[in-house]
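Visitor: My questions all concern the structure below.
The values are calculated or read from the model by the stated rules, or taken from the named source; none is laboratory data. Treat the numbers as computed from the prediction; the structure is a model and nothing was measured. So basically every Cβ, Gly included, is an ideal-geometry build from the backbone, and we count neighbours across all protein chains shown.
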């Protein structure tokens with residue numbers, strides 16, 4: 001299946017969450033192991049380390065804040081410095097701060113490490129990435145001459161500038177395909193062989209580490225026609241980490257939203273949504289999205305996506321409920337359960353126990369159907385929680401609307 | 001007649017741990033003909049004192065004539081189980097397991113390419129045909145009712161929601177098919193639509209999609225050209241923000257086509273009755289069928 005599509009009508013999956021995101025310096029270490037050329041660089045956790053590294057590298061270096069977000073350059077997270085002393089000062093000013101970029105949300109992400117890298121004489125900036133395209137069913141290499149720009153913008157404005165080649169699931173990426181990509185990038189003749197090798201090696205990085213994203217932006221051609229990965233972003237697939245124990249430790253939970261971090265530890269699929277008011281607790285991803293949709297249609301933004309999964313025990317239900325309660329934006333809770341494998345009575349017990357512990361007084365709307373629904377509803381009815389029952393999804397929408405009006409009225 | 005499963009389904013269940021055993025029992029209670037259990041090391045024993053165990057799928061097929069397999073083995077071993085069932089020549093393989101590595105599914109899809117086996121999933125609730133009491137997967141049997149609506153969905157519990165709405169409005173189902181929420185999966189919307197269109201028992205179709213990918217658009221293209229039966233569709237995730245994965249690995253907005261609004265537009269242009277809210281599926285179907 002050597003599918004080649006130069007003009008995609010959409011970008012394949014490029015995930016920002018639920019995959020393990022790693023730092024640039026960690027991505028560089030993986031690239032080094034696979035022979036992908038990168039600028040000389042080392043990571044520093046203190047200002048004096050940064051100074052030592054800068055003098056080891058020599059000359060002008062770049063100090064890069066290590067956070068799990070792009071857009072660092074525009075907000076002072078990437079700085080050129082001329083001397084080791086300056087590297088020390090810049091590092092001191094970055095460490096311990098929170099960097100707010102267009103990708104981090106208003107509270108930003110903590111800077112705990114910086115990477116000190118050599119500078120290169122750049123002639124050209126290019127773009128290269130690999131993702132899984134679910135619709136083709138294969139990894140796809142995307143290349144563009146528009147380096148330094150976000151690929152989404154390129155896809156929007158000039159889709160013809162994105163060149164795509166799918167790898168064969170069983171054979172891999174053949175050399176001639178890698179060469180096609182190098183040629184499409186228009187690299188100078190002297191860099192054709194090295195770029196072809198870089199593309200081939202990068203494909204191995206993707207496959208052999210079970211990545212969900214490998215993105216080199218920019219890939220640079222230097223004035224002496226060398227090729228190098230100047231900035232690297234690698235996401236690892238959560239579901240495949242069991243076969244890469246060495247990569248599991250690269251996770252940096254300080255870069256996550258604290259509520260999302262707790263959810264991950266409890267094995268809950270949770271996404272915090274900015275500006276929402278209704279906390280949602282649902283079993284199943286599709287039903288969870290549908291529940292968010294009817295909440296929004298009823299007039300209030302959902303505060304989160306939360307799928308408790310099929311076989312959650314009471315402890316996990318309690319933690320799920322507490323995560324919603326600990327979200328300061330939440331004014332009301334909507335529980336929608338259609339129990340197949342899950343048991344409604346266990347969910348109800350979990351909710352009651354967690355509510356007692358947190359002293360929850362927020363209004364709750366609950367729809368419970370499926371396995372042991374009657375028992376579950378009885379447990380909730382017998383508690384002294386502020387609960388309104390709803391028969392189904394449509395009924396829940398009606399109750400949410402009423403409750404919102406009550407909330408508005410009391411404000 | 002139903003699609004994919006029916007009175008002639010001879011079911012093999014692979015992976016009888018806690019969840020697999022629980023589901024196998026529900027399946028047998030419902031009346032589905034479970035002929036074999038595969039769990040390495042249990043040769044000669046019987047599941048619930050009745051269904052013979054085998055260590056390999058090939059042996060189970062040879063001894064029992066199983067033609068359909070369902071997989072509950074843990075994610076790290078799911079690819080192996082799927083390949084084993086393909087190699088044993090099963091006609092239909094349903095992989096319920098959630099969390100199968102994407103690159104494993106990429107390999108599976110390349111491997112199955114020239115084989116006669118049809119795969120549903122991974123990460124799906126499976127198939128159920130109420131009239132023939134054939135349940136291959138985890139769709140709860142107590143919520144369905146025999147009838148003439150075909151249901152196809154990327155989601156699990158949202159499928160149950162749709163079934164409940166149909167029943168509430170007095171409409172039963174010919175077959176319910178959950179194709180799964182993973183970005184790389186076997187049977188697609190288009191495949192199931194083709195089967196429903198050809199199925200005499202199916203009068204109308206409910207299609208439930210999600211944000212992410214372009215499979216709903218491909219379904220819309222197919223419906224426009226080939227489907228004459230009425231289709232009611234809902235897309236979950238209209239309120240989801242871009243770039244955040246909503247549980248299912250495939251449910252993420254990564255470009256314009258992945259938006260619920262774009263999918264709705266494509267389906268409506270193909271003559272599909274699109275409901276803006278997933279709560280209105282049953283009501284809309286009632287209205288369409290008069």
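Visitor: For the stretch B:265-290, what are the residues that are assigned to a helix (DSSP H, G or I) and within 11 Å of chain A (Cβ to nearest Cβ)? Steps first, answer last, please.
Guide: Going through the stretch B:265-290, the residues assigned to a helix (DSSP H, G or I) turn out to be B:265-269, B:278-289.
B:278, B:279, B:280, B:281, B:282, B:283 - these are the residues of the stretch B:265-290 that are assigned to a helix (DSSP H, G or I) and within 11 Å of chain A (Cβ to nearest Cβ).
Visitor: With B:281, B:211, B:205 as the choices, which residue is under 30 Å from residue A:70 (Cβ atoms) and in contact with a helix residue (DSSP H, G or I) (Cβ under 9 Å, 6 or more places away or on another chain)? Full working, then the answer.
Guide: On the way: B:281 fails: under 30 Å from residue A:70 (Cβ atoms); B:205 fails: under 30 Å from residue A:70 (Cβ atoms).
When all the criteria are applied, what remains is B:211.
Visitor: Determine whether residue A:385 is touching a residue at least 60 places away in the same chain (Cβ under 8 Å) and touching a strand residue (DSSP E or B) at 6+ places or on another chain (Cβ under 9 Å).
Guide: Spelling it out, it is not the case that residue A:385 is touching a residue at least 60 places away in the same chain (Cβ under 8 Å) and touching a strand residue (DSSP E or B) at 6+ places or on another chain (Cβ under 9 Å).
Visitor: Restricting attention to helices (runs of 4 or more DSSP H) lying wholly within the stretch A:172-256, give those where 3 or more residues are touching a residue at least 12 places away in the same chain (Cβ under 8 Å).
Guide: So the answer is A:175-184, A:192-208.
Visitor: Give just the number: which of (1) more than 13 Å from chain B (Cβ to nearest Cβ); (2) surrounded by 23 or more Cβ atoms within 10 Å (Cβ to Cβ); (3) touching a strand residue (DSSP E or B) at 6+ places or on another chain (Cβ under 8 Å) does residue A:317 not satisfy?
Guide: Failing condition for residue A:317: (3).
Visitor: For residues in the stretch A:303-327 being outside any helix (DSSP H, G or I) and farther than 15 Å from residue A:273 by Cα, which is farthest from the chain's Cα centre (by Cα)?
Guide: A:313
Visitor: Moving on to the next point. All but one of (1) modelled with pLDDT of 90 or more; (2) in contact with a strand residue (DSSP E or B) (Cβ under 7 Å, 6 or more places away or on another chain) hold for residue A:340, so report the exception by its number.
Guide: (1)
Visitor: Just one of A:293, A:307, A:382 is surrounded by fewer than 19 Cβ atoms within 10 Å (Cβ to Cβ), on the phi < 0 side of the Ramachandran plot and either more than 14 Å from every other protein chain (Cβ to nearest Cβ) or at pLDDT 90 or above (or both); which is it?
Guide: None of the others qualify; the one that does is A:382.
Visitor: Can you tell me which of B:57, B:70 is assigned by TED's automatic domain parsing to the domain that holds residue B:94 and over 19 Å from the mean Cα position of the chain (by Cα)?
Guide: Result: B:57 is the single residue among B:57, B:70 that is assigned by TED's automatic domain parsing to the domain that holds residue B:94 and over 19 Å from the mean Cα position of the chain (by Cα).
Visitor: May I pose another question? Run down A:409, A:350 and say which single residue is over 34 Å from the mean Cα position of the chain (by Cα) and either surrounded by fewer than 22 Cβ atoms within 10 Å (Cβ to Cβ) or assigned to a helix (DSSP H, G or I) (or both).
Guide: It is A:409.
Visitor: Go through (1) under 19 Å from residue B:239 (Cβ atoms); (2) more than 10 Å from every other protein chain (Cβ to nearest Cβ); (3) out of contact with any strand residue (DSSP E or B) (no Cβ under 7 Å at 6 or more places or on another chain) one by one and return the number of the condition residue A:279 breaks.
Guide: Status for residue A:279: all satisfied but (3).
Visitor: So residue B:167 fits all but one of (1) within 14 Å of chain A (Cβ to nearest Cβ); (2) modelled with pLDDT of 95 or more; (3) crowded, with 19+ Cβ neighbours inside 10 Å; what number is the exception?
Guide: (3)
Visitor: Also: Identify, please: which residue in the stretch B:243-259 is under 20 Å from residue A:238 (Cβ atoms) and more than 7 Å from chain A (Cβ to nearest Cβ) and is, among those, surrounded by the fewest Cβ atoms within 10 Å (Cβ to Cβ)?
Guide: Selected residue: B:253.
Visitor: For the list (1) part of a helix (DSSP H, G or I); (2) more than 14 Å from chain A (Cβ to nearest Cβ); (3) free of Cβ contacts under 8 Å to residues at least 12 places away in the same chain, I need the number of the one condition that residue B:44 fails.
Guide: Looking at each condition in turn, residue B:44 falls short on (1).
Visitor: Give the residue, chosen from A:274, A:267, that is over 30 Å from residue B:139 (Cβ atoms), in a loop (DSSP other than H, G, I, E, B) and in contact (Cβ under 8 Å) with a residue 40 or more places away in the chain.
Guide: A:274
Visitor: Report yes if residue A:300 is within 11 Å of chain B (Cβ to nearest Cβ), outside any helix (DSSP H, G or I) and surrounded by fewer than 24 Cβ atoms within 10 Å (Cβ to Cβ), otherwise no.
Guide: yes
Visitor: OK, next. Identify all residues within the stretch A:136-167 that are assigned to a strand (DSSP E or B) and either under 21 Å from residue A:36 (Cα atoms) or not assigned by TED's automatic domain parsing to the domain that holds residue A:206 (or both); write none if there are none.
Guide: A:139, A:140, A:141, A:142, A:143, A:144, A:163, A:164, A:165, A:166 - these are the residues of the stretch A:136-167 that are assigned to a strand (DSSP E or B) and either under 21 Å from residue A:36 (Cα atoms) or not assigned by TED's automatic domain parsing to the domain that holds residue A:206 (or both).
Visitor: Another question about this same structure. Give the residue, chosen from B:212, B:237, B:255, that is at positive phi and over 21 Å from the mean Cα position of the chain (by Cα).
Guide: One residue alone meets the criteria, B:255.
Visitor: Also, quick follow-up: Looking at B:262, B:225, B:194, B:201, which one is under 28 Å from residue B:102 (Cα atoms) and away from chain A (no Cβ under 14 Å)?
Guide: One residue alone meets the criteria, B:194.
Visitor: Provide a single number: the residues in the stretch A:170-194 that are closer than 21 Å to residue A:160 by Cβ and in contact with a strand residue (DSSP E or B) (Cβ under 7 Å, 6 or more places away or on another chain).
Guide: Matching residues across the stretch A:170-194 total 6.
Visitor: If the Cβ limit is 7 Å and pairs must be 6+ apart or interchain, which residue in the stretch A:14-31 that is within 14 Å of chain B (Cβ to nearest Cβ) pairs with which residue that is assigned to a loop (DSSP other than H, G, I, E, B) and modelled with pLDDT under 85?
Guide: That search, which allows pairs on different chains as well, returns A:14/B:254; A:15/B:245; A:15/B:252; A:16/B:243; A:16/B:244; A:17/B:244; A:17/B:245; A:18/B:245.
Visitor: I'd like to know if the stretch B:210-224 contains one or more residues that are part of a strand (DSSP E or B), touching a residue at least 12 places away in the same chain (Cβ under 8 Å), crowded, with 24+ Cβ neighbours inside 10 Å and assigned by TED's automatic domain parsing to the domain that holds residue B:247.
Guide: Yes, that holds for at least one residue.
Visitor: Follow-up question, since we're still on this one. Taking the stretch B:170-181 as the search range and keeping residues that are buried (at least 24 other Cβ atoms within 10 Å of the Cβ) and more than 7 Å from every other protein chain (Cβ to nearest Cβ), which one is modelled with the lowest pLDDT?
Guide: Applying the filter and picking the extreme gives B:180.
Visitor: Let me ask something else. Quick one: which residue in A:352, A:347, A:399 is farther than 17 Å from residue A:280 by Cβ and modelled with pLDDT of 85 or more?
Guide: On the way: A:347 fails: farther than 17 Å from residue A:280 by Cβ; A:399 fails: farther than 17 Å from residue A:280 by Cβ.
Of the residues listed, the single one that is farther than 17 Å from residue A:280 by Cβ and modelled with pLDDT of 85 or more is A:352.
Let's see how each residue does on (1) assigned by TED's automatic domain parsing to the domain that holds residue B:94; (2) in a strand (DSSP E or B):
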| site | (1), (2) |
| --- | --- |
| B:115 | yes, no |
| B:135 | no, yes |
| B:149 | no, yes |
| B:159 | no, no |
| B:165 | no, no |
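Visitor: Of the residues B:157, B:187, B:117, B:97, which is closer than 18 Å to residue B:26 by Cα and more than 10 Å from chain A (Cβ to nearest Cβ)?
Guide: Answer to the selection: B:97.
Visitor: Would you point out the residue of the stretch B:14-35, among those that are buried (at least 22 other Cβ atoms within 10 Å of the Cβ) and touching a residue at least 60 places away in the same chain (Cβ under 8 Å), that is farthest from the other protein chains (Cβ to nearest Cβ)?
Guide: B:14
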